[in-house]
Amino acid sequence: MLLALQNITKSYRSGDVLTPVLHGITLNMEPGEYVAIMGQSGSGKSTLMNVLGLLDQSDEGIYLLNGQDVTRLSPAQLAEVRNKTIGFVFQSFNLLKRMNVLENVALPLIYAGIGRSEAKKRAQELLGRVGLAELGHRMPNQLSGGQQQRVAIARALVNEPLLLLADEPTGNLDTQTTAEVLEVIGQLNRERGLSIVLVTHEPDVAEHAKRLVRLKDGVVVFDGPPRQGLHP
């Protein structure tokens, strides 16, 4: 089992007002799965993604990640597990504008204490994996949106994570570019067995996954094949 959530609850407080968001989420995921999480705004999908990615902690329940109970780890412990286990891809790419593409991809390795030459070598390999081997010298603003997202995917994979979390990764892309980025993500799952959780509100994006989890008002209302959950 790659991850297991057991009765996860989460609320947020603003002043004296407590707003429940997740209501007893139980969810398991095996290594190599490709899961899409869908739900309307306010359904809890972003909060669930933050819990999965160790960016936030639940109020109650247990979260096992790769066999380790991460429910009550300290912030420093969470950061260590997150850096070793999880890669993130966001809607806004989050590339550093003053670094070229190769340096952006290599940066997590340098933070991890890897020497610069080795880090750049591994970064170059990852750029090749996402079809950008010739563009390492370019700056992010010299790339298309789809190319920037592929750089972000390469950066997310450079530490060889067990799990890739993609939060609306095609939200800023046109239809053709969306298809290209989803093909890269799908190829990583099919050919390398990478475990992927993709959060989206777009049915045509969710269709690329092998499993669909649909949230409504903080609970799981569907968990199964996308074709059944999207076209009941």
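Read-outs throughout are calculated quantities, based only on the coordinates presented, and are distinct from any laboratory measurement. Small disclaimer: the values here were computed from a predicted structure and weren't measured. Using ideal geometry, Cβ is built from the backbone for each residue, glycine included, and neighbour counts are taken over all protein chains shown.
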Could you calculate the FRET efficiency of Tyr12 with Lys216 from 1/(1 + (r/R0)^6), where r is the beta carbon distance between them and R0 is 25 Å, rounded to 0.05?
0.85
Going toward the positive end of the dipole of the chain, with +1 on Lys and Arg Cβ and -1 on Asp and Glu Cβ, which of Leu64, Gly131, Ile25 do you reach last?
Gly131
Against the globular-protein guess of 2.2 N^0.38 Å, express the Cα radius of gyration of the stretch 162-231 as a ratio, rounded to two decimals.
1.11
Trypsin sites (Lys or Arg not before Pro) restricted to DSSP loop in the stretch 1-96 with at most 13 other C-beta within 10 Å
Arg72
Among Val197, Val51, Val151: highest mean-square fluctuation, GNM of the chain, C-alpha pairs under 10 Å:
Val51
The chain, helix-only ellipticity at 222 nm - DSSP H runs n ≥ 4, -39,500 (n - 2.57), divided by all residues, nearest 500:
-11000 deg cm²/dmol
Net charge of neighbours whose Cβ lies under 15 Å from the Cβ of Gly24, counting Lys and Arg as +1 and Asp and Glu as -1
-2
Residues other than Arg211 with Cβ under 15 Å of its Cβ, Lys/Arg counted +1 and Asp/Glu -1, net out at +1
In vacuo Debye scattering of the stretch 3-230, one point per C-alpha: log10 I(q)/I(0) at q = 0.17 Å⁻¹?
-1.25
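Report the gain in length on full extension from Ala179 to Asn83: 0.36 nm times residue separation, minus Cα-Cα distance, nm rounded to one decimal.
Between Ala179 and Asn83, full extension yields 31.7 nm more.
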Given charges at beta-carbon only (K, R positive; D, E negative), |dipole| of the stretch 86-211 in Debye
560
How big is the stretch 1-101 by the Kirkwood estimate over distinct Cα pairs, in Å?
15.1
GNM top mover of Glu160, Glu60, Glu191 - the chain, alpha-carbon springs below 10 Å
Glu191
Cα centroid separation - the stretch 194-221 against the stretch 31-54, whole Å
7
Around Met1: net Lys/Arg minus Asp/Glu count, Cβ-Cβ under 14 Å:
-3
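What is the magnitude of the charge dipole of the chain about its Cα centre, with +1 placed on the Cβ of each Lys and Arg, -1 on the Cβ of each Asp and Glu, and no other charges, expressed in debye to the nearest 20?
Approximately 540 debye in magnitude.
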For the chain, give me the percentage of DSSP beta bridges that are antiparallel, rounded to the nearest 5 percent.
55
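Tell me the Kirkwood hydrodynamic radius of the stretch 113-191 in angstroms, computed as one over the mean inverse distance between distinct C-alpha pairs.
13.2
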Work out from phi, with θ = phi - 60° and the Karplus expression 6.51 cos²θ - 1.76 cosθ + 1.60, the ³J(HN,Hα) of each residue of the stretch 144-150, listed in order in whole Hz, and give x for Gly and Pro.
6, x, x, 5, 4, 5, 5
